[in-house]
Amino acid sequence: MNILHIANHVKQSGNGIVNVMIDLACEQARLGHNVAVASEGGEYIELLRKNNVQHYKLDQTRKPAQMMQAFFVFRKIVKVFKPDIIHAHMMTGALYSRYLKGFQKYKIVTHVHNEFQKSADYMKVGDSVIAVSQAVAKSMANRGVEEQKLRVVLNGTIGSKRIEDTDGISLKGRSIVTVAGLNERKGISDLIEAFDIVSVECPDSELYIVGDGPDRDVFKLKAAQSFNHQRIHFEGFQADPHKYMSSAEVFVLASHKDPFPLVLVEAREAGCAIIATDVDGIPEALNYGNSGMIVPPRSPDKLAEAIITMLCDEELRDKYKVSAQQGLDFYKVERVAKETIKIYEELRIS
């Protein structure tokens, strides 16, 4: 099968949408399919090539002249590659695929990663629409996606070609780690407020914030105003965040919105004791509380209480570390790729 994935870029920036696409493309090629990616480019091009995935340059910058040029470039890519399936991971690619279709024989699969964005409405143009969690599927159904078009494929990262086995690093004190984009929806402000409470009750605790994003300076200013600011460490974007996860006493994800965060599967694989918020697909990623402690969102007090409990109760912490690693076979990239290919095959015979 000729499979063409399309996204804005393939940068190694911690973008979950890109990471899912890279994992899918590499695994589908390993399973014997002819796979290509069309994007503006980025650091993952070399990884794609090593895994027999072609890359086509496609700049989808949202400016009228550039978008028109991109449409003609995309048309040429389709003519050369002759896809059976176009798998669009972002809005612009989904619309290009639909506008160009005409009498083309390819089928369009759209993949909804961030349904909270208004642009997710445009993903309805797919012949099939993949949701990354049951929560996302329910939301998309409420937004008018026909039930027969919706499919749920839970994310998985086990066996990802992006991830290399690495040793942990030495972190100071009793380490609390989060790995997240530095934007409002990831609840970083809540975590900093919670740490104000935690740092009093657990004076040897240290907070490590791993990631980058548009609100970095806002969060750094908030942390600087904390009376224990010297124990809050901004580590920036890390191509290999697993070294932090494997060294953490507690891993925290304080999101306000999160369809199905890959990072929780990665934290589970690293054997972390996890605390995360009860939003969107997070309960699904944590086996509804069996693989990590779930707390209310936007509640620094409740978050602090959970962190203190986890830090101070070694038996509980060890229990969650063990349970985090149970059932991980389900979260293999191979399972994600095979479920997705089955969706393609259903479309081709319909």
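Students often forget the sequence filter, so: which lysines lie under 22 Å Cα-Cα from LYS243 once same-chain residues fewer than 8 apart are removed?
Result set, ordered by chain and number: LYS11, LYS161, LYS172, LYS186, LYS319, LYS321, LYS332.
Kindly write out, for region 120-134 in residue order, the coupling ³J(HN,Hα) from the Karplus curve 6.51 cos²θ - 1.76 cosθ + 1.60 (θ = phi - 60°), rounded to whole Hz, with x marking Gly and Pro.
Going residue by residue, I get 4, 4, 6, 6, 5, 6, x, 5, 10, 10, 8, 10, 7, 7, 4 Hz, with x marking Gly and Pro.
As I understand it, the dipole of region 54-141 uses +1 on the Cβ of Lys and Arg and -1 on the Cβ of Asp and Glu, about the Cα centre. Which of HIS111, ALA137, LEU58 lies farthest toward its positive end?
LEU58
What is region 1-142 by shape, rounded, prolate or oblate, if you read a ≥ b ≥ c off the alpha carbon gyration tensor as root eigenvalues and call it rounded for a/c under 1.5, prolate for a/b larger than b/c, and oblate otherwise?
In terms of gyration-tensor shape, rounded.
Mind checking the dipole of the chain: about its Cα centre, +1 per Lys or Arg Cβ, -1 per Asp or Glu Cβ, Debye to the nearest 20?
Numbers: 44 positive and 45 negative charges, 426 e Å.
My answer is approximately 2040 debye.
Considering the dipole of the chain built from charges on the beta carbon (Lys and Arg +1, Asp and Glu -1) around the Cα centre, which of ILE308, LEU264, ASN2 is farthest to its positive end?
ASN2
Given springs between every Cα pair under 10 Å in a Gaussian network model of the chain, which of HIS242, HIS229, HIS89 has the largest fluctuation?
HIS229
What is the Cα radius of gyration of the chain over 2.2 N^0.38 Å, N being its residue count? Mind showing how you got there, number by number?
Values: Rg = 20.8 Å, N = 350, 2.2 N^0.38 = 20.4 Å.
Rounded to two decimals, the normalised Rg is 1.02.
Just from its helices, what would the mean residue ellipticity at 222 nm be for the chain, if runs of 4 or more DSSP H residues each count -39500 (n - 2.57) and the sum is divided by every residue, rounded to the nearest 500 deg cm²/dmol?
Numbers: 13 runs with 139 residues, N = 350.
Calculated at 222 nm, the ellipticity per residue is -12000 deg cm²/dmol.
Against the longest alpha carbon principal axis of the chain, how many degrees, from 0 to 90 and to the nearest 10, is the axis of helix 16-30 turned?
60
Which of the three applies to region 291-340, rounded, prolate or oblate, going by the alpha-carbon gyration tensor with a ≥ b ≥ c and a/c under 1.5 meaning rounded?
On the way: a/c = 5.73, a/b = 1.85, b/c = 3.10.
Note, shape of region 291-340 comes out oblate.
If you take every DSSP beta bridge whose two residues both sit in region 174-330, what share of them, in percent to the nearest 5, is antiparallel?
On the way: 0 of 18 bridges.
The answer is about 0 percent antiparallel.
Considering every pair of different Cα atoms, what Kirkwood radius, in Å, is found for region 174-330? Let's see the in-between values first.
On the way: mean 1/r = 0.0662 Å⁻¹.
The answer is 15.1 Å.
Mind pulling up the Rg/Rh value for region 210-288? Radius of gyration and Kirkwood radius, both on Cα. Intermediate results must be reported in sequence, preceding the final value.
Details: Rg = 13.6 Å, Rh = 13.8 Å.
Ratio value, two decimals: 0.98.
Please identify, among ALA223, ALA273, ALA88, the residue showing maximal mean-square fluctuation in a Gaussian network model of the chain using a 10 angstrom Cα cutoff.
Result for the chain, Cα springs under 10 Å: ALA223 fluctuates most.
Would you kindly derive the ³J(HN,Hα) couplings of region 89-95 from the backbone phi angles with the Karplus curve 6.51 cos²θ - 1.76 cosθ + 1.60 (θ = phi - 60°), listing them in order in whole Hz, with x for Gly and Pro?
Residue by residue, region 89-95 yields 9, 9, 4, 4, x, 4, 5 Hz.
Quick check: the angle from helix 314-324's long axis to the longest principal axis of the chain, C-alpha only, nearest 10 degrees?
With rounding to tens, the tilt is 10 degrees.
Quick one: the Cα spread of region 84-221 along its three principal axes, in angstroms, biggest first?
The principal-axis extents, from largest down, are 66, 34, 26 Å.
Give me the percent of DSSP beta bridges within the chain that run antiparallel, rounded to the nearest 5. Don't skip to the end; give the middle numbers.
Details: 0 of 43 bridges.
Percent antiparallel among DSSP bridges in the chain is about 0.
When a/c is below 1.5 the answer is rounded, else prolate if a/b is larger than b/c, else oblate, so apply that to region 61-125 with a ≥ b ≥ c taken from the square roots of the Cα gyration tensor eigenvalues. Mind dumping the intermediate values first?
On the way: a/c = 2.30, a/b = 1.24, b/c = 1.85.
In terms of gyration-tensor shape, oblate.
For region 170-237, treating each Cα as an identical point scatterer without solvent, what Debye log10 I(q)/I(0) comes out at q = 0.12, 0.24 1/Å?
Relative scattering, expressed as log10 I(q)/I(0), comes to -0.26, -1.05.
Where in the chain is the longest stretch that carries no trypsin sites (Lys or Arg not before Pro) classed as loop by DSSP and with at most 11 other Cβ atoms within 10 Å?
Working: sites that count: ARG62, LYS105, LYS172.
Maximal segment without exposed cleavage sites: 173-350.
If I build a Gaussian network model for the chain, linking alpha-carbon pairs within less than 10 angstrom, which residue out of ASP301, ASP59, ASP217 has the largest mean-square fluctuation?
ASP217
Against the longest alpha carbon principal axis of the chain, how many degrees, from 0 to 90 and to the nearest 10, is the axis of helix 64-81 turned?
70
Since every read-out is calculated from the coordinates, none of them should be taken as a lab result. Fair warning: this is a prediction, and the values are worked out from it, not measured in the lab. We place every Cβ from the backbone using ideal geometry, glycine too, and count neighbours over all the protein chains shown.
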